[in-house]
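The structure appears below as structure tokens.
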Ligand SMILES: *Cc1c(COP(=O)(O)O)cnc(C)c1O
């Protein structure tokens, strides 16, 4: 179909929104490795997880076979507040780059949390409420997940306790206030409130924290408080399941115009937006119906896929969580305080790790300053100020489009624009002042953490 017929924004109608989440695991021949009990090293059973997680979410977590999970009516109604999200044809960016490539992005920043995280937050809050819980605890890095969860909890009348990575807490006071607006309590992590927090502070005085530390604190708080469970905004299978709404909508929109992407790319922190975006397309690839190139983009400062080890590791620094098999830098790894807080996690989704290990997906790492160059270029022509995390995907989309310019190929590139960057202006300021660094860990540094991975036979 000729370009003229494709609008700048492909919107779906409400009735075209998905009514079920798609579980990619059902189509995977090599299933992601199971979570292991950190004491016995045996696969975690639902019963062992029930002190930490909500029951229905455990069921979703452990189900490798059911291809579709119906989205409850209450969640679908909430989705309609801010979904379907637009699939945008980046005509202006294409023009600026003078590329024959056709670039599309799925924009998930159209809600107060400013990111895709609300898609899973509302689902997790719903199941917690349905189970009759009083509240939930969680961690947040850059603040998007905490904000999304605060919104979701206030909607269902749940208490919300957030441990926020200290460097973000200090860099982004406004995020904290948004969370408090929705009634959440926010504590900088590591804190003196928990045993694990006190231990981490004693070992690393003055640390700016990490997602791994904050997770340990949130889990400890949940298991020691009556009527509370812990919820997580990424990495877990259940989160990728909820985020499949992104990919399902994208696929419906593309199919409407007969568009078949060549490349689908997105940033990968714990892998939830990327896993959700690629899910239905990867499903086709696994079933032998279609082929696509999938590219995960990660920061050079926290390169789990490209320089990590595929092994069982703890999901948190305090080593209280189950063990997950994933590409990991080691649970003790605390990345340099770069500005894409949502991508500063040592591990990666087990689903994406397995797909990457099986050669079904590629991964690249990009440097921070190059990411902000791409962010600025995008902001100037597309009318959206992107989140630093999302800008990793913009970098690779632009790079691929520039390659097309050299070869003359008119490839179709789809990327996930996960959110907006209005709370990240300190990072933009550093970039504009030329004060942004591109810290890349050395091999020695990475080996030091990899050597401390738990030994599993
Ligand atoms: C959290 C976040 C990410 C990274 O998380 P994933 O689970 O890898 O998707 C990316 N972009 C934004 C805007 C985020 O808030």
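FYI, it's all coordinate maths here, none of it is from the lab. Note that the structure is a prediction, hence the values are computed from the model and not measured.
Taking the radius of gyration and the Kirkwood hydrodynamic radius from Cα positions alone, what is the Rg/Rh ratio for segment 169-238, to two decimal places?
Details: Rg = 13.0 Å, Rh = 13.3 Å.
Dividing the radius of gyration by the Kirkwood radius yields 0.97.
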Practice task
At q = 0.05, 0.08, 0.12 Å⁻¹, what is the base-10 log of I(q)/I(0) for the chain according to the Debye formula with one equal point scatterer per Cα and no solvent? Please give it to two decimals.
Solution key: -0.15, -0.40, -0.97
Exercise for the section: Please pull out the direction-averaged projected area of segment 58-139, using the convex hull of its alpha-carbon atoms, in nm² to one decimal place. Expected result: 8.5
Handout entry: Helix-derived mean residue ellipticity, 222 nm - over the chain, DSSP H n ≥ 4, -39500 (n - 2.57), to 500
Key = -12500 deg cm²/dmol
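Counting pairs of alpha carbon atoms under 8 Å apart in space and at least six apart in sequence, what relative contact order in percent does segment 352-457 give? Walk me through the numbers on the way to the answer.
On the way: 80 pairs, mean separation 27.1, N = 106.
For segment 352-457, the relative contact order is 26 percent.
For segment 297-341, which semi-axes, largest first and in whole Å, follow from the square roots of 5 times the eigenvalues of its Cα gyration tensor? Before the final figure, lay out the partial values.
On the way: eigenvalues 70, 36, 11 Å².
For segment 297-341, the ellipsoid semi-axes come out as 19, 13, 7 Å.
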Exercise for the section: Return P(r) of segment 364-418 (all Cα-Cα pairs; 10 Å bins starting at 0; whole %; ordered from short to long distances). Expected result: 25, 54, 21, 0
Practice task
May I ask for the Rg/Rh ratio of segment 252-378, computed from Cα atoms with Rh as the Kirkwood radius, given to two decimals?
Solution key: 1.00
Handout entry: Viscosity 0.890 mPa s, temperature 25 °C, Stokes-Einstein D of segment 298-457 from Kirkwood C-alpha radius, µm²/s
Key = 145
